[in-house]
Amino acid sequence: MTIEEGGHFSKDNELGKRSDSTFTFSNCRYVIKEKEILKGLSGTVKSGEVLAIVGPSGAGKTMLMNMFSLTPGPGKREGRVTLNSQDLNLKIFRSHFSVVPQQDNHWAYLTPREAITMATELQHQYSHDEKMHIVDSLIENMGLSSCKDTKVGNQFIQGLSGGQKRRLSLAIALVKKPSVILLDEPTSGLDAAAATSIMTFFKDLALNLNVIIVATIHQPSTKVYNGFDLAMVLTGGKAAYFGPAAFLGDYLEKIDRAIPKNSNPAEHVLDLVNREFVDPKEVDYMIESWMAYRDRESNNPDSYLHSVAQEIAKQDGDGNPLPEPEPAPGAVSNILTLIKRHAVLTFRDPVLYLGRAAAFLMTCTFFSIVYLKARDRTQRHAPYKVFLFMWHIGVPTALGVVAVIAYNLEHLSIKREVKQGQYSPTSYVIANSILQLPMMFVLSIMALSIGGYCVSNYHIDVYGQMIVLYAATLWSFESMAQLFAVQFPNPLLGMLQYMNLWFASFLFCGIMVPEADVPWPMKMFNYILPLKYFLKSAMHTDLHQTTFSGAILDAEDPRGFSCPRNVTLDGAVEAVKEKASESHNSLACYGFYGDQVLDSLGVTYRSIKSKDTYAEDILIILAIGIFFKIMGTMMTIHSCSATMSISKPSGKKTTK
C-alpha cells in the first residue's frame with residue numbers, strides 16, 4: 001500500500017510535507033585502534049530523495065549509519081554531518097531524525113493502534129480528537145488497517161507479519177514529524193515481494209512528505225534498487241560510487257565494467273567490489289576509477305557531482321532554518337502515559353509479574369506442604385520454621401532472575417524511545433517505580449496467602465506486617481535485577497551476576513554459616529544484603545505473640561520455662577515435669593512463649609533474636625533496595641543518553 005497524493009498527510013497538514021532540508025556529510029572517517037574503518041566518505045541528500053548505501057559485508061555500511069545516528073561505539077569519528085548546515089548533535093537528532101532499526105523491537109502485547117497512540121501522547125500536545133485523527137491517518141496510510149487491533153506478537157504469541165512490523169516502526173517514526181529517516185536494512189527478513197513493496201512505500205513516503213530517507217541495503221533486487229534516487233557503493237570503507245542510482249549503469253560502462261544484459265545492477269557492482277570473491281586489484285581499480293571520475297566531474301557545472309561539491313562547501317554557511325519542533329508534553333504527562341502503557345503490559349505480558357505471581361503461589365505452597373508438620377507450634381517443629389521461611393523467601397527471590405531478562409528486553413525499547421526524543425529516562429524510571437511498588441505487594445500476597453497462612457499456619461494477626469516486610473524484600477531484589485539488566489547488554493551475564501548476588505545473600509543470611517565465623521572481607525555480605533534482615537524480622541513477627549506446646553513456664557529454670565519428661569511428638573504436656581537441663585528431651589525444648597523460642601533458636605542461629613527490630617530491618621532492606629535503584633537509575637540514564645559525537649576533520653591521515 002502506498003501513500004497517495006492528496007491523502008490525509010497533505011490535506012490536513014498534520015503529518016504533511018516537511019520544509020525543504022539538505023542532509024550533508026563530508027570527509028567522514030572512523031578510526032578504531034589506528035585502523036581506518038571509514039575513509040573519507042562524502043555525499044548529500046535532499047528532501048524527497050532516498051539514498052541507498054550498498055556494499056558487501058564489512059564495507060562500512062553499519063559504521064556510517066552509526067555516525068549518522070550518533071550511536072556510541074569504540075574508536076574515533078571525524079568529519080562533518082550537517083542538516084541545513086547545522087552540525088548534527090543530540091538535540092538536533094532528537095528533534096529532526098527518526099531511526100527505523102533492522103530489528104523491529106516493539107511492545108509485543110500492544111496493538112498497532114495502541115503503540116501509535118502511546119507514541120503520539122508521549123511526543124505531542126494534542127486534543128483527543130486531533131490525536132485520534134493522526135492515529136487513524138497513520139494506520140490507514142501505513143497499510144495497518146487490517147491488523148490495527150492485533151497484538152504485535154513475539155516468539156511466544158502470533159502477531160504481525162514482518163512487513164507489518166516494519167510499517168509499524170515507520171508509523172511510530174513518523175509521529176515525530178522528522179526531516180530525516182534512517183533505515184537500517186529495511187528489507188532484512190522480508191521476501192522479495194515484501195521487500196519490493198516496502199521500498200516502493202518508502203519512495204512514495206519521501207516524495208509525499210518531503211523527507212530525506214537514508215537506508216543501508218545489503219543486496220537489493222533490481223526492483224528494489226530501481227526505487228532509489230541515489231546510491232552509494234562502499235567497499236573497505238571507501239566509496240566506489242555515489243550519485244543517481246539510475247546513472248550507475250552509465251558510469252560502469254564508462255569504466256569498461258558494463259552491466260550484462262538482464263542483470264541486476266546492484267548485484268553486478270557488488271560482485272565487482274567484493275574482495276572475498278574477486279581479485280583485490282579489481283576492487284582497487286573500482287575505487288581508483290571512482291576517485292578519478294569524482295575529481296574530474298566535481299569541476300563540471302553540468303555534473304551532479306558538482307552540485308554535491310557545492311552543497312559540501314555550504315556546510316560552513318547558513319542553510320535553511322530547521323523546522324521548530326512542536327511543543328512536547330511535560331514530564332508529568334509522560335509519566336502518566338508510561339504508567340498507563342506499562343500497566344497494560346503488566347496485565348498482558350505474563351513474564352514479568354503474572355507469571356512470577358503464579359510461580360510464587362505454586363512454589364510457596366509446595367514448600368508449605370513439604371514442611372506441613374511445621375505448621376504445628378511444638379517444640380520439635382520450632383526449628384523447621386526457620387527453614388520454611390528461608391524457602392518461602394529464597395525461591396521467589398531467586399526467580400527474580402526472570403526479571404533480568406524482561407528488563408533487559410524492555411531496556412532495548414526504552415533506549416530507542418529515549419533516543420528518539422519521546423521522553424526522558426528519568427520519566428521512565430519514575431513511572432516504572434510507581435507501578436513496581438504495588439506489584440511487589442501483589443507478588444507478596446500470592447506467595448504467602450495460601451502457602452504461608454492457609455497451609456503453614458502463619459500467625460494471621462500480623463498478616464499486614466508480614467506482607468510489608470516480604471514486599472520490601474522483593475523490591476530490594478527487584479532493584480538488583482534492574483541494575484544487572486541495564487549493566488550488561490547480554491542478559492545472560494546479568495542473570496549470572498544476579499544469581500551470584502542472590503547466592504551470597506542466601507549463604508550469608510546468618511543461618512547457613514554463623515556470622516561470627518565468616519572471615520573478612522566476606523563478612524560484609526552479612527550486612528549489605530537483605531535476606532538476613534528479612535529472616536530476623538519474619539521469625540520475630542510470626543513467633544513472638546504465640547505460644548508453643550510441649551513446654552511450660554517454670555520460674556525455677558533460669559530460662560523461665562522447662563519441658564516435661566516424655567514429651568510426646570504432638571507436644572502434649574504430661575503431669576510430671578523436669579527441668580529442661582535434666583530432661584532427655586532437652587534438645588527439643590525451645591520455650592513456651594514465642595520470644596523464648598526465638599532466644600533458644602538464637603543460640604544456634606545468632607541472627608535470630610527475641611528483640612523487635614522490625615522497623616530497623618525494614619529501613620535497612622529499603623536502604624539496600626534504594627542503593628541498587630539509584631545505581632540502576634544512573635546506569636539507565638547513562639545508557640539511554642550515550643552518544644558519540646563527531647569531531648571535525650583534523651587533516652591528519654591515519655594508518656590504514
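The values are calculated or read from the model by the stated rules, or taken from the named source; none is laboratory data. The structure displayed is predicted, hence computed values, not measured ones. We place every Cβ from the backbone using ideal geometry, glycine too, and count neighbours over all the protein chains shown.
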So Ile157 ticks every box in (1) crowded, with 16+ Cβ neighbours inside 10 Å; (2) within 25 Å of Tyr428 (Cβ to Cβ); (3) touching a Lys or Arg at 6+ places or on another chain (Cβ under 8 Å) but one. Which box is left unticked? (1)
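Within region 341-387, can you find the residues that are among the charged types (D, E, K, R), in contact (Cβ under 8 Å) with a residue 60 or more places away in the chain and assigned to a helix (DSSP H, G or I)?
Within region 341-387, Arg341, Arg348, Arg356, Arg375, Lys385 qualify.
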Of the residues Gly159, Gly153, Gly143, Gly189, which single one is in contact (Cβ under 8 Å) with a residue 12 or more places away in the chain and more than 26 Å from the chain's Cα centre (by Cα)? Gly143
In region 79-98, anything buried (at least 21 other Cβ atoms within 10 Å of the Cβ) and modelled with pLDDT under 90 is listed as none
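Going by the conditions given, is Leu138 hydrophobic (A, V, I, L, M, F, W, C), over 16 Å from Leu338 (Cβ atoms) and buried (at least 22 other Cβ atoms within 10 Å of the Cβ)? Spell out how you get there, then give the answer.
Working: hydrophobic (A, V, I, L, M, F, W, C): yes; over 16 Å from Leu338 (Cβ atoms): yes; buried (at least 22 other Cβ atoms within 10 Å of the Cβ): yes.
Yes.
Being aliphatic (A, V, I, L, M) and surrounded by fewer than 20 Cβ atoms within 10 Å (Cβ to Cβ) is the filter here; which residues of region 433-454 pass it?
Just the residues of region 433-454 that are aliphatic (A, V, I, L, M), to begin with: 434-435, 437, 439-440, 442-443, 445-448, 450.
Scanning region 433-454 gives Ile434, Leu435, Leu437, Val442, Ile445, Ile450.
Does region 433-452 include one or more residues that are small (Gly, Ala, Ser), within 22 Å of Gln487 (Cα to Cα) and in contact (Cβ under 8 Å) with a residue 24 or more places away in the chain? Spell out how you get there, then give the answer.
Step one: list which residues in region 433-452 are small (Gly, Ala, Ser), which gives 433, 444, 447, 449, 451-452.
Now narrow it down to the ones that are within 22 Å of Gln487 (Cα to Cα): 433.
Still in the list and also in contact (Cβ under 8 Å) with a residue 24 or more places away in the chain: 433.
Yes; the residues of region 433-452 include at least one that is small (Gly, Ala, Ser), within 22 Å of Gln487 (Cα to Cα) and in contact (Cβ under 8 Å) with a residue 24 or more places away in the chain.
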Considering only region 466-484, I want to know if a residue exists there that is buried (at least 17 other Cβ atoms within 10 Å of the Cβ), out of contact with any strand residue (DSSP E or B) (no Cβ under 8 Å at 6 or more places or on another chain) and outside any helix (DSSP H, G or I). no
So which residues in region 597-622 are assigned to a loop (DSSP other than H, G, I, E, B), of a type in the set (Ser, Thr, Tyr) and either surrounded by fewer than 18 Cβ atoms within 10 Å (Cβ to Cβ) or touching a helix residue (DSSP H, G or I) at 6+ places or on another chain (Cβ under 6 Å) (or both), if there are any at all? Ser607, Ser610, Thr613
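Go over the candidates Ala119, Ala115 one by one and state the one that is more than 28 Å from Tyr225 (Cα to Cα), touching a Phe, Trp or Tyr at 6+ places or on another chain (Cβ under 8 Å) and touching a residue at least 40 places away in the same chain (Cβ under 8 Å).
Details: Ala119 fails: touching a Phe, Trp or Tyr at 6+ places or on another chain (Cβ under 8 Å).
Ala115 is the lone residue from the list that is more than 28 Å from Tyr225 (Cα to Cα), touching a Phe, Trp or Tyr at 6+ places or on another chain (Cβ under 8 Å) and touching a residue at least 40 places away in the same chain (Cβ under 8 Å).
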Could you list all residues from region 238-288 that are buried (at least 16 other Cβ atoms within 10 Å of the Cβ), hydrophobic (A, V, I, L, M, F, W, C) and part of a helix (DSSP H, G or I)? Ala245, Leu248, Leu252, Ala266, Val269, Leu270, Leu272, Val273, Val283, Met286, Ile287
Collect the residues in region 490-525 that are in contact (Cβ under 8 Å) with a residue 40 or more places away in the chain and either part of a loop (DSSP other than H, G, I, E, B) or within 25 Å of Arg606 (Cβ to Cβ) (or both), keeping them in residue-number order. Trp502, Ser505, Phe506, Cys509, Gly510, Ile511, Pro514, Glu515, Ala516
Please specify each residue of region 391-432 satisfying the condition of being buried (at least 18 other Cβ atoms within 10 Å of the Cβ), assigned to a helix (DSSP H, G or I) and of a type in the set (Gly, Ala, Ser). Gly394, Ala403, Ala406, Ser427, Ala431
Here are some conditions: (1) out of contact with any Gly (no Cβ under 9 Å at 6 or more places or on another chain); (2) assigned to a strand (DSSP E or B). Met291 meets all but one. Which one does it not meet? (2)
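Could we say that Ser127 is more than 26 Å from the chain's Cα centre (by Cα) and either under 25 Å from Leu338 (Cα atoms) or assigned by TED's automatic domain parsing to the domain that holds Lys340 (or both) here?
Considered against the rule, which asks whether it is more than 26 Å from the chain's Cα centre (by Cα) and either under 25 Å from Leu338 (Cα atoms) or assigned by TED's automatic domain parsing to the domain that holds Lys340 (or both), Ser127 comes out as yes.
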